[in-house]
1. Who wins for biggest fluctuation among Pro233, Pro351, Pro116 in a Gaussian network model of the chain, springs between alpha carbons below 10 Å?
2. Could you work out how far apart the two model spin labels at Lys2 and Asp56 are, taking each label as a point 7 Å from the Cα in the direction of the beta carbon, and quote it in nm?
3. Below 14 angstrom from the Cβ of Thr275, what's the summed charge of the other residues (Lys, Arg +1; Asp, Glu -1)?
4. Suppose we flag GluC sites (Glu not before Pro) only when DSSP calls them loop and at most 16 other Cβ atoms lie within 10 Å. Which is the longest uninterrupted stretch of the chain?
5. Could you work out which residue, out of Asn93, Asn410, Asn202, moves most in a Gaussian network model of the chain, that is, has the largest mean-square fluctuation with Cα springs under 10 Å?
6. Going through the cross-link list Lys17/Lys366; Lys265/Lys418; Lys107/Lys265, which pairs have a Cα-Cα distance over 24 Å in this structure?
7. Scattering from the C-alpha atoms of segment 162-306 alone, worked out with Debye: what is log10 I(q)/I(0) at q = 0.10 1/Å?
8. With +1 assigned to the C-beta of every Lys and Arg and -1 to the C-beta of every Asp and Glu, and no other charges, what is the dipole magnitude of the chain about the Cα centre in debye, to the nearest 20?
Amino acid sequence: MKILVVGGGGREHAIIKKLKENETVEQIFALPGNGGIAADATCINIAATDIEGIVDFAVNNKIDYTVVAPDDPLVLGCVDALNEKGILCFGPNKAAAIIEGSKVFSKNLMKKYGIPTAKYEVFDDADKALKYLETAPIPTVIKADGLALGKGVIIAMTREEAKDAVVSIMQDKQFGKSGDNIVIEEFLTGPEVSVLSFTDGNVVVPMISSMDHKRAGDNDTGLNTGGMGTVAPNPYYTDAVAEDCMQKIFLPTIRAMKAEGRTFKGCLYFGLMLTQNGPKVIEYNCRFGDPETQVVLPLLESDLLTVMQAVTNETLADTEVKFSKKHACCVIMASQGYPSSYEKGYEITIPADLLNSTYVAGAALKDDKLLTSGGRVLGVTSVANTLKDAINASYEKVENIKFDNRYYRNDIGQKALKAGEEK
Ligand code: AMP
Ligand code: GLY
């Protein structure tokens, strides 16, 4: 089979490495991929948002199956465009991808179907939003409606910060049209859990839970990033919590999407907060998380392509999806300065025996050398019988992967380790 993977980050690298385990896979193309992914797939310089380019490539190269991994092409309707040409895909169509593409849509969906989430108000007018903020409970959370490169959520600890956020999103158009509408919602507290799931629109099969580390600095300090590391499973996500989430959140969500004529097929990501009043949805993503995928897929014992095809064919109920009982830890190695400004172009050296556990996010090949080209450069994953061993193994690998200007958090997994010990 000839497979196409749309995207070019660490998540896509993890998907590609897993797909390669299937013996029927002859060739994998990555659009655009990156310098590190080039070791595992044929990278073609077509942007993940160039829907026409992607469809032309898939048709001309007789692609058998496509995995559309990032949010933008999904929200733009990449799966619809490929399906129109008869190309089978993993990923939701445009109508279903709106669950991530519009926060106003997802909040209204949850309200309509009684799915637990933070209380909220929607605004299409900055003056009304500012007036509401005069008396709204503080802290509060301001969210741009549309996609905003992961930066559209502002936790405002003061009334001033909240007002500034409204002005920059709605009036200064910091995120363009994504900020035409905003959600202002209740600030929730509690441990966060990421649960990715496979769903064919009829059944939902949660993958192993995970914990992201979003802040740039140790002990959750500094700016929000795309994610500085992950561990799986998440110790806060007990069997009882999982059952509660299945009944109150996962099943109601896929049923709601079907009832709305927006059947979701693909990976539905539930960003959850375990509050004192039970689990609540913080966000939905219409795709695999990054860097959650880099710990979840290494623990998947079933064949990924078989599971993905079952999603496409709506036969997920008859397909085994099995996860290992082990633990995984992924440490992201970034460029110093990320997520603000950083230098790039530094040579990366990865010892040959570590290539298998390395997922490259931001690197380019130049004269056969791998050079840093992004904020998040690569992720290093280890799988072990205990979380502690997985963390130690990953940090040992990190020591041996070298590039100038490298930066990583030193405490990935420590919160989970502590929570696990307290249980
Ligand atoms: P996102 O960029 O959508 O992944 O959200 C960023 C982070 O904002 C989440 O991981 C949460 O930590 C936080 N967050 C979002 N909504 C809320 C909320 N209602 N209460 C508290 N924290 C929130
Ligand atoms: N790691 C969070 C995300 O993929 O959105």
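1. Pro351
2. Placing both labels 7 Å along Cα→Cβ, they lie 1.6 nm apart.
3. Net charge in that neighbourhood comes out at -1.
4. Values: sites that count: Glu21, Glu23, Glu26, Glu134, Glu301, Glu314, Glu320, Glu343.
It runs 135-300.
5. Asn410
6. Numbers: Lys17/Lys366 22 Å; Lys265/Lys418 36 Å; Lys107/Lys265 20 Å.
The pairs that break the limit, which is 24 Å between Cα atoms, are Lys265/Lys418.
7. -0.41
8. 440 debye
Read-outs throughout are calculated quantities, based only on the coordinates presented, and are distinct from any laboratory measurement. In this text, all values refer to a predicted model and were calculated from it rather than measured experimentally. No Cβ is skipped: glycine too gets one built from the backbone with ideal geometry, and neighbour counts run over all protein chains shown.
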